[in-house]
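The values are calculated or read from the model by the stated rules, or taken from the named source; none is laboratory data. Remember, it's a predicted structure, so these values are computed and weren't measured experimentally. Backbone-built Cβ (ideal geometry, glycine too); neighbour counts: all protein chains shown.
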Amino acid sequence: MSGLQQVLDVVAASDGTTTVDGIAERTGLDPDLVRVALHQLVALGRLGRDGVALSCPDDGCGGCTSSATTCGTAGRGSLVTLTLRPPAPRG
Amino acid sequence: MNDQRAAVPSCHADVVAVDAPPGTPVVALVGNPNVGKSTLFNRLTGSGRDVGNWPGTTVAVGRALWTDEDLGQAVLLDLPGAVSLDPQSPDEELTRDLVSRPDPRDRPDLVVVVASAVHLARGLYLLRQVLEAEVPCLLAVTMGDVASRRGITVDADELAAAAGVPVVVVDPRRGAGARDLVRAVALSLQPGPAGLCGVDGCTCPRGDCSCDHDPLAGPVAAAGTDDEALARAEERFAWVAGATAVSVHRRHDARDTWSDRLDRVTTAPVVGPLVFLAVMWVVFQLTTTVAAPLQEWLDALVSGPVSAAATRLLDAVGLGGTWVQGLVVDGLIAGVGMLLTFVPLMAVMFALLSLLEDSGYLARAAVVTDRSMRAIGLPGRAFLPLVVGFGCNVPAISGTRVLPDARQRLLTVLLVPFTSCTARLTVYVLVATTFFGDRAGTVVFAMYVVSILFVIVVGRLLRSTLLRRMPDDPLVLDLPPYQLPMLRLVAAGSWRRLRGFLRTASGIIVVTVIVVWALSATPAPGSSGTFGQVPVQDSVYAATAGAVAPVFDPAGFGSWESTSALMVGFVAKEAIISSWAQTFATAEPQAADTPGSLGDALQISFTESSGGYPIPAVLAFLVFLLAYTPCVATLAAQRREVGLRWTLTGVGIQLVIAWTVAVVVFQVGRLIA
């Protein structure tokens with residue numbers, strides 16, 4: 001099986017949360033390669049990528065009520081989450 | 001790229017223009033973040049550039065004239081770090097735009113892809129995309145010393161053969177390999193096939209590449225449908241995996257990095273949560289220890305000289321003794337001023353949190369939280385909004401939109417209010433420092449533990465009753481490596497958080513203070529006095545709170561002062577502080593010059609309302625404060641996400657739980673005391 005599809009399958013089959021190291025363990029790929037694969041899957045739109053801002057909104061409580069995910073600013077030490085997205089419709 | 005002074009196509013760009021004769025070749029350094037690109041730029045050009053590229057820093061392009069006896073002259077560009085040319089940030093967008101401009105004549109004459117030997121695969125992915133942009137390139141491999149310590153070696157010849165590009169190993173900090181790089185660049189800039197690299201079937205002895213076919217024809221040449229795009233990505237991935245497989249060698253006895261070793265502790269199933277709790281205890285202990293004296297000093301300043309000066313000023317302009325003095329001194333200065341005395345405390349707290357976040361630890365804490373959530377049967381994805389809720393409940397509730405299942409969303413929306421947001425922190429600290437002295441940090445920490453327990457217990461309760469069936473959708477967590485915090489980023493993060501606190505204080509709290517003052521200046525029906533000239537205990541404010549106060553008698557805080565503060569707390573939790581400050585400033589204006597008078601007034605109030613058991617009553621008050629409805633903004637967010645019926649259900653659940661636990665805490669505490 002090809003590498004990207006392998007990573008995608010492991011993500012899809014995981015029951016709840018998994019990590020890059022967890023995917024590396026299950027696919028036998030180096031964690032760096034897993035990151036490359038995940039990055040490509042994000043670029044393809046197969047995964048959604050969000051930086052999790054573990055802080056208050058910049059402009060106070062209620063400042064980002066229309067936010068789709070989290071608000072505040074995700075810094076360089078922030079957690080990043082990747083979630084499955086359905087493939088684009090054909091045609 | 002003929003015009004050496006051409007502007008970089010980005011409004012974010014910070015371009016250092018250099019004078020160079022027409023026709024001077026342009027060489028661009030491209031690479032992942034933190035691979036030593038800027039260090040290499042400085043080494044080659046003698047510049048003193050110091051630019052990071054992570055959120056919060058300026059997106060900038062370094063540009064300098066590079067003069068060397070082997071090379072002659074070239075303009076060297078240091079482009080922002082990029083993971084790939086599929087931009088996911090302004091930095092990457094700028095790099096992509098510069099490398100793959102539509103007109104090949106506008107592109108750099110040569111791209112040096114800088115890749116770390118430690119994470120070579122990531123660098124090769126970028127290299128592959130540069131190749132696809134049909135830009136002449138070569139590969140500089142850095143951080144060989146770090147890789148070596150981790151038991152990783154990179155075979156440059158094998159890599160050059162596999163990747164089809166010249167490969168130079170260079171140490172930007174010490175300069176080793178820099179001469180080889182200069183020669184390779186000079187060779188690649190010569191007319192002819194040298195440097196125009198390919199994928200398969202290309203050979204690059206000593207940087208002089210030649211290919212027996214067009215390496216970029218075929219699967220990488222076109223985008224097309226989703227399946228075609230996936231096939232193209234697979235081809236890229238296979239190329240990266242193949243080049244890595246033949247060129248990267250790992251010793252079997254290689255030691256883990258300190259980040260890996262630390263992770264084994266901080267994310268361990270049992271030790272991880274304990275470490276998290278210990279870290280948070282230190283945060284709260286430091287916050288109260290360091291900031292409390294400063295906060296007390298500011299408190300004395302606001303309630304003493306500032307109030308006195310305002311009174312004198314109003315007297316001087318003929319407004320002394322009028323309702324204006326009540327509004328300014330007992331309302332705005334007492335209320336908003338008291339809240340602003342917490343700025344040092346919040347600053348210390350936010351600095352510590354920013355420090356933890358920038359180091360990468362908070363991301364681990366999120367993993368620990370996630371595991372705990374799943375262990376108790378809550379869906380993994382629900383943990384994210386809950387973690388955000390510890391900062392502010394409103395975005396946490398908005399954040400539940402990422403949950404695909406309606407029941408997951410509902411469960412999380414109902415649980416978020418039990419996460420202890422930073423607005424509640426100010427009240428915890430005021431009460432804890434007043435009643436618990438040196439143990440204030442431990443008490444504040446305990447409130448966060450209780451908050452987690454509330455989430456767990458209520459979550460289990462809801463899952464076993466209202467929301468029994470719930471799927472757990474896949475989620476990948478990508479942890480950043482541990483890193484030494486950078487002062488600049490920590491300061492920026494702290495200021496961002498503090499600005500949010502100040503905006504709340506200067507917005508909704510000011511309005512609340514004015515409303516509370518107006519109500520406390522209005523005589524209750526049946527009482528004597530006129531507007532602005534009535535004792536606060538005879539006001540509409542006190543009468544309304546007094547009607548509700550008996551409900552809290554079993555919890556030990558059934559006074560109108562505490563009840564009114566909790567009622568005001570529906571608007572925003574910070575308003576509890578301003579409300580108390582207004583109440584006691586109005587009730588005991590003669591005590592306004594006494595430092596710590598609010599604390600003393602609280603001691604008296606809780607002692608009276610609890611029948612001589614102030615400590616159990618205060619603990620019960622804190623528990624109630626934690627568990628009841630956070631603020632109107634949270635309610636509005638809840639209503640928008642799950643509708644009015646579930647919002648009211650949630651409020652009911654919160655009030656019942658808050659009251660019940662508060663009563664239990666007080667009654668048990670009284671028995672023990």
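Kindly indicate which of B:Ala309, B:Ala268, B:Ala243 is surrounded by fewer than 20 Cβ atoms within 10 Å (Cβ to Cβ) and part of a helix (DSSP H, G or I). Every option except B:Ala309 fails the conditions.
Any chance the range B:546-558 includes a residue that's within 22 Å of B:Trp323 (Cα to Cα), in the same structural domain as B:Leu430 (by TED's automatic domain parsing), in contact (Cβ under 8 Å) with a residue 60 or more places away in the chain and among the small types (Gly, Ala, Ser)? Among the residues of the range B:546-558, not one is within 22 Å of B:Trp323 (Cα to Cα), in the same structural domain as B:Leu430 (by TED's automatic domain parsing), in contact (Cβ under 8 Å) with a residue 60 or more places away in the chain and among the small types (Gly, Ala, Ser), which makes the answer no.
Residues that are within 8 Å of another protein chain (Cβ to nearest Cβ) and under 13 Å from the mean Cα position of the chain (by Cα) within the range A:1-15 comprise A:Val11, A:Ala12, listed in sequence order. When B:Leu340 is tested against the conditions (1) of a type in the set (A, V, I, L, M); (2) at pLDDT below 85; (3) farther than 20 Å from B:Val444 by Cβ, the lone failure is (3).
If you check B:Leu98, B:Leu127, which single one turns out to be at pLDDT 90 or above and surrounded by 18 or more Cβ atoms within 10 Å (Cβ to Cβ)? If you could, list the steps in order and put the result at the bottom.
On the way: B:Leu98 fails: at pLDDT 90 or above.
None of the other options fit; the residue is B:Leu127.
Here the condition is being at pLDDT below 85 and either among the aromatic types (Phe, Trp, Tyr) or more than 30 Å from B:Ala363 (Cβ to Cβ) (or both); of B:Gly242, B:Gly304, it holds for B:Gly304 alone.
Applying the condition of being of a type in the set (Val, Ile, Thr) and farther than 27 Å from B:Leu98 by Cβ to the range B:132-152 and asking which residue is surrounded by the most Cβ atoms within 10 Å (Cβ to Cβ) yields B:Ile152.
When the residues of the range B:468-501 are filtered to those that are modelled with pLDDT of 80 or more and within 30 Å of B:Phe570 (Cα to Cα), the one that is nearest to the other protein chains (Cβ to nearest Cβ) is B:Arg499.
Restricting attention to the range B:382-403 and to residues that are buried (at least 24 other Cβ atoms within 10 Å of the Cβ) and outside any helix (DSSP H, G or I), the residue that is farthest from the other protein chains (Cβ to nearest Cβ) turns out to be B:Phe390. Taken over the range B:72-95, residues that are within 14 Å of another protein chain (Cβ to nearest Cβ) and surrounded by fewer than 23 Cβ atoms within 10 Å (Cβ to Cβ) amount to 9. Of the residues making up the range B:602-633, those that are of a type in the set (Ser, Thr, Tyr), under 21 Å from B:Val444 (Cβ atoms) and assigned to a helix (DSSP H, G or I) number 1. Among the residues of the range B:312-334, write down those that are within 17 Å of B:Phe584 (Cα to Cα) and of a type in the set (S, T, N, Q). The one that is within 17 Å of B:Phe584 (Cα to Cα) and of a type in the set (S, T, N, Q): B:Gln325. Residue count for the range A:16-31 satisfying the condition of being at the interface with another protein chain (Cβ under 7 Å from one of its Cβ atoms) and over 15 Å from the mean Cα position of the chain (by Cα): 1.
Just one of the listed residues (B:Leu319, B:Leu339, B:Leu411) is surrounded by 22 or more Cβ atoms within 10 Å (Cβ to Cβ), over 30 Å from B:Gly493 (Cα atoms) and more than 9 Å from every other protein chain (Cβ to nearest Cβ), namely B:Leu411. Scanning the range B:504-514 for residues that are surrounded by fewer than 19 Cβ atoms within 10 Å (Cβ to Cβ) and either β-branched (Val, Ile, Thr) or free of Cβ contacts under 8 Å to residues at least 12 places away in the same chain (or both) returns B:Gly507, B:Val510, B:Val511, B:Ile514. Residue check: B:Ala406 meets all listed conditions (1) crowded, with 23+ Cβ neighbours inside 10 Å; (2) out of contact with any Lys or Arg (no Cβ under 6 Å at 6 or more places or on another chain) but one, namely (1).
The residue list A:Gly28, A:Gly45 contains one member that is in contact (Cβ under 8 Å) with a residue 24 or more places away in the chain and either charged (D, E, K, R) or surrounded by fewer than 18 Cβ atoms within 10 Å (Cβ to Cβ) (or both), which is A:Gly45.
Filtering B:Val548, B:Val534 for residues that are over 26 Å from B:Pro344 (Cβ atoms), away from chain A (no Cβ under 14 Å), of a type outside the set (Lys, Arg) and in contact with a strand residue (DSSP E or B) (Cβ under 7 Å, 6 or more places away or on another chain) leaves a single hit, B:Val534.
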